Every structure is written in structure tokens, then in C-alpha cells.
Amino acid sequence: MGSSDAAICDLHRIFGQDHFVSQPVCDADIPMIWVAKDTFHAVLRYLKSSIDRPYRMLYDMTAIDERVRNHREGQPPSDFTVVYHLLSFERNASLRIKVALLGEYPSLPTITDTWPAANWYEREVWDMFGITFDGHLHMTRLLLPPTWDGHPLRKEHPARATEMGEYRLPDDKQNREQEALRFKPEDWGMKSGDGNTDFMFLNLGPNHPGVHGVFRIILQLDGEEIVDAVPDIGYHHRGAEKMAERQSWHSYIPYTDRIDYLGGVMNNLPYVLAVEKLAGIVVPDRVKVIRVMMAEFFRIASHLVFYGTFVQDIGALSPVFYMFSDRERVFDIVEAICGGRMHPSWFRIGGVAHDLPEGWDRLVADFLTYFKPRMDHYDRMLMGNKILKKRTQGVGQYTVDEAIEWGVTGAGLRACGLEWDFRKKQPYSGYDQFEFDIPIATHGDSYDRCWVRVQELRQSVRIIEQCLAHMPAGEYKARHHLTTPPLKDHTMHDIETLINHFLGVSWGPVMPPGEAFQNIEATKGANGYYLVSDGSTMSYRTRIRTPSFPHLQMIPLISRGFMIPDLIATLGSIDFVMADVDR
């Protein structure tokens, strides 16, 4: 019995079995149970605070519109389902809780009194599905404009522009849109003054270089001191989860590259691993090592962007040019292997697009020889720099408990002293066969978040060296009928295999009904895909759990009492991209 299975037995003992229904899933390492609506709040509170080795992190929260879904055998009746993904560090285990809701626009009690991180998650669910959370203090649009009509992830909402009428902007609508843009502090939970002082309000963004993307922070200032900071997201929202419902399982792969657009094929990895769980595909060892090598190259590329832009925010202008030059060297290797550079979309269901080209090993070896002394040079130039230390040490600081409470993963969590990396704790794609260390720091401030990522560059180099030295022989694709593109064996020998190949290329594979989740240690934290198939050529529901989304929720907590330049340093140290937030 797994650790989470034991937790379910504990729930049965405390609350009674009548309140729960278990659901089999493709990812058996994450048990899934349905909890009655009138009990779920007490169950979640018990799992967070009272159970032995508690599930302290609300790792993700989303919803499913079940109304037109096929193959729901064994599941409770439900028009909409709210899904809670909990993570226990002590157990090294996850648990998925589902709550069935009936009705056209159902409601559920808020859990913001248990997890503050639920604030944005509940607002997102209301924004996308129209599910209300009673007791939430700010149930307003999060990703969409306040004047938006409808809830896009409901099945009746159109998925294509061709399904909508021609856009018009009559005068009355234009006036409503402009009025909706008028800033009123009270609408954002802020006050104009405190009786003795009138506060000043400053919009940082949505196009300020210090916010690293189309991102707005409304600052409430007392002189130069930050009294409050309210993040305003959604300017980069493209509906990536909605697009998954109109693309085949295979043709959706390029869309994943654009989530963390600095992560390249590392975005492909959790998606194809989740699809392979649905399909029951086991990939060859060569595929695993190739994927690991390319993922670590993109970790280096992403961390170089972070490193250069972070110190540029502090005032060091030269390093960003050196680091972007080194990033181009990484892209030269990526292009030689994949054919593309920043967004190669190279991973495939069941393998990779093609085998490694002749001479790949020489390119990789030359880069490793070049890059090792470069990292030493950067250390001497920056990490010991007195100005950088003065600007970042003690700035934007949070503890391990605060990080867990707000859903922080990746370098931000390790900078607080918690040695947690999914490549080690829950290995995937053969990471358990590699030797590398997990860098941790202790202060949880902007400097330590930078230091951890700098050390991760060295660990990525170690991993790539092992890929170079021990690349397995064999196939670059699983010999499975649901791989894409499909295998061409006997294509021209009989009409049946020719038809199957044609359908596999044009429509893509038909995935068996089921649900699966795959998580990875991505460049900016933990990234995962939760997929629901109802036995079609397209996903019924695709949920993308990104690290940057919960990370930005912490901005008010870690910026109050600081100055605006401190906030710029804090934002840079978080290492986020807005496509990873908005999706």
C-alpha cells in the first residue's frame, strides 16, 4: 500500500467510507478520490493540518466541465468537477481530491481560509468555468478582462474565431470598456489613505522591462515605501488549455513550447510523458537519455537568460551580453539536433522526431569544454560582487513554511533550505540513473534564489556529460501503434496498415479513456500536465500546472515595507515568464 493509499484509509476511518468514491487512473502513483460536497472542506483541512505527515501544499486546483464527456463509468454524477491536487513532502506523495457539482452555475465553499494560495486558483476556476466559491473575498476575473462575456473552458464557449460573430466596437461598448479601465483603489482591496496620509498609487507595467513581460503591479506607496502591491495578470493569456480541446494529441505538441517559452522541449516533456501514461507506451532507454540531455540543455539556456537579466535589473549591464552569447551556443547544438532553436517542438509521443545526427557528440563535447570555465568567470564577476549582495541579500525573503503555504517549487523552495527536486524525489525519464546534486541555500532571499540557479547550471553540465558518455544504442521511438508519427512497417504491404498510417498522421492517435498526470522539475519550478481522455483523437481536458502562476501570488507578501528598486530585484529573482503564468 502506497503512502497516499494509507491516507485514504485514514480518511475512511475518520469520516466514514460513505463520503468517498475511489476512481482508478492511469497514473497509479497519484490516488484519486471523490469527496462529498458537504464534507470536502473538512477533509481538506484534515489532510493539511491533522493527518500524520500532512499534505501541506495545495499543488494545483482546477475544474472539468463533465456535461458532454463520454466514459465516466464508476464516477459520481457531475455536471462540473473541481479537482484539488495536494502534495505531502513528508510522504513524498500526492493525492487528488474531486468534488462533484450539479447545476448550470454551481458553487462551492472557498478554501482560502485553509490555503492562501487558493485565492488565484479559485478566481481562475470562476473565470474559466463560472463556478462560484462562497466566502471568497475577491471573486472577480483573473485572466480575462472584466467585461468578458462567458467562461471560456465551458464546453458551450466557442474555441475558434470562426465560431464567433464579427467583432464590432460600437460607441456604447467602447465607453463601457474605457470605464472598466478606470482605476479605483477600493476595487483592488486598497485604501486611498489611512486618515493621516494620502497614499500614492503607481502602475508598474504592463510594459515595464522590470516586470519581465506583459505584467502589471499596482503599487500603493507611502512616500517611497511599498504599503501594498497587487499583481494584475492576464495580458498574455492565449487560451492554451482551450486550444488543447481542438488539436489532436500529436499536433498540440508545438503549443506546449510556448508556455514557458524559454524552456523549449522541456515543455514537451511532461505533456508527452502524460500522454504515454494514457496510452501505456514504454519508451526505449535511448529515448529517455536523449530527452534528459535536451531538457538539461534548455535548463542551461533558460538559466542563462535568468542570470543575465537578473543582474541587469540590479545594474550590471555587461553580463547579459556574455550570457546571451553563450545561450546562442546552446541553440547551435539544439538546432543541429532538432532542426529548430528556441521552440523546436522535437519530442514526440513515444519518442523523439528523429535520431541524433552524426557528429552530435563532438558538438556537445566542445560546448562542455568551453562552458565550464565560463561559469567560473561568471562567479568571479558576479556572485562575489559587493553591490549585487547589498541589493539582494535579505530582499524578497520568505521561509520554507511560507513557500509551502503559497505553492512555491523549484529554486525558490530550495533557496529556503528544503532539498526537494522532482528529478530526485519522483524520478522520470530515467533521472534516477544519473549522478547529480541538489543545491540548497538557507536564507530564501533574492541572492540565494540566484545562487541556487547558478549551481544548477553546474549540475546540468554534469548530467549532460553522463549523457554524452553513456548514450544507449537502440531505437529513437517506441514500437507501439499509438506513437506519433506512427511506424511505417509494412505500410506498403497491405491496405489496412496503409490506412492506419494515414489516419495516425492526419487525425493522430485515439487515446484510451482515462486520466493521467505527469510532473517534471522544469526551469522555473514544477510543471505538470493533467490530461483527461474520453476515447477521442483530442483531449477532453488539458490542465497545465505551471510554477510561475503560484509564485507571483507571493509578491504582496514579500514586497511590503521595501522600496521599488527592491521589488525589481525580487521580481528578477523569482524567474518567471508571463506565458507560464497566463497560459
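Nothing in this text is a laboratory measurement; each read-out follows from the coordinates by a stated rule. Small disclaimer: the values here were computed from a predicted structure and weren't measured. Counting neighbours? That spans all protein chains shown, and the Cβs are built from the backbone with ideal geometry, glycine included.
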With bins of 20 Å, the percent of all Cα-Cα pairs of the range 244-547 per bin from 0 is 32, 55, 13, 1
Helix-only [θ] at 222 nm, the chain, -39500 (n - 2.57) per DSSP H run of 4+, per residue, nearest 500, equals -11500 deg cm²/dmol
Distance in nm between residue 366 and residue 162 label points, each 7 Å along Cα→Cβ, equals 4.6 nm
One checks the Cα atoms of the range 22-95 and finds Rg and Dmax, in Å, of 13.2, 39
The distance between the Cα centres of the range 486-510 and the range 342-372, in whole Å, is 28 Å
For the range 572-581, Karplus-derived ³J(HN,Hα) couplings (6.51, -1.76, 1.60; θ = phi - 60°; whole Hz; x for glycine and proline) come out as x, 6, 5, 6, 10, 10, 6, 5, 6, 7
Scalar couplings 3J(HN,Hα) for the range 524-532 by Karplus 6.51 cos²θ - 1.76 cosθ + 1.60 (θ = phi - 60°), nearest whole Hz, x for Gly and Pro, are 10, x, 7, 10, x, 10, 10, 10, 10
Ranked output for segments 428-438, 571-581, 448-458, 369-379 by mean other Cβ atoms within 10 Å, highest leading, reads 571-581, 448-458, 428-438, 369-379
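Quantify how much of the Cα-Cα distance distribution of the range 373-530 extends past 18 Å, in percent.
Of the Cα pairs, 71 percent sit more than 18 Å apart.
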Plugging the Cβ-Cβ distance of residue 560 and residue 140 into 1/(1 + (r/R0)^6) at R0 = 25 Å yields, to the nearest 0.05, a FRET efficiency of 0.70
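May I ask for the Kirkwood hydrodynamic radius of the range 3-154, worked out over all distinct Cα pairs and given in angstroms to one decimal?
On the way: mean 1/r = 0.0626 Å⁻¹.
It is 16.0 Å.
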The alpha-carbon center of the range 25-48 and that of the range 185-231 are separated, in whole Å, by 38 Å
Matching label for the computed log10 I(q)/I(0) by the Debye sum over Cα atoms at q = 0.07, 0.08, 0.12 Å⁻¹, out of (1) -0.64, -0.74, -1.20; (2) -0.43, -0.57, -1.31; (3) -0.48, -0.63, -1.35, is (2)
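For an R0 of 41 angstrom, estimate the FRET efficiency from the Cβ-Cβ distance between residue 194 and residue 402 and round to the nearest 0.05. It would help to have the intermediate numbers written out before the result.
Working: r = 26 Å, r/R0 = 0.63.
For residue 194 and residue 402, the calculated efficiency is 0.95.
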For the range 449-465, in residue order, the Karplus 3J(HN,Hα) values (coefficients 6.51, -1.76, 1.60; θ = phi - 60°; whole Hz; Gly and Pro = x) are 5, 5, 4, 4, 5, 4, 5, 5, 4, 5, 5, 5, 4, 4, 5, 5, 4
Once amide hydrogens are built 1.01 Å from N within the peptide plane, the residues lying 5 or more places from residue 395 or on another chain with amide H under 5 Å from its amide H are 446, 447
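Can you give the Rg to Rh ratio for the range 453-515, taking only C-alpha atoms and Rh from Kirkwood?
Details: Rg = 18.8 Å, Rh = 15.1 Å.
My calculation of the ratio gives 1.25.
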With +1 on the Cβ of every Lys and Arg and -1 on the Cβ of every Asp and Glu, the dipole magnitude of the chain about its Cα centre, in debye rounded to the nearest 20, is 700 debye
Any residue on another chain or 5+ positions along whose placed amide H is under 5 Å from the amide H of residue 228 is listed here as 220
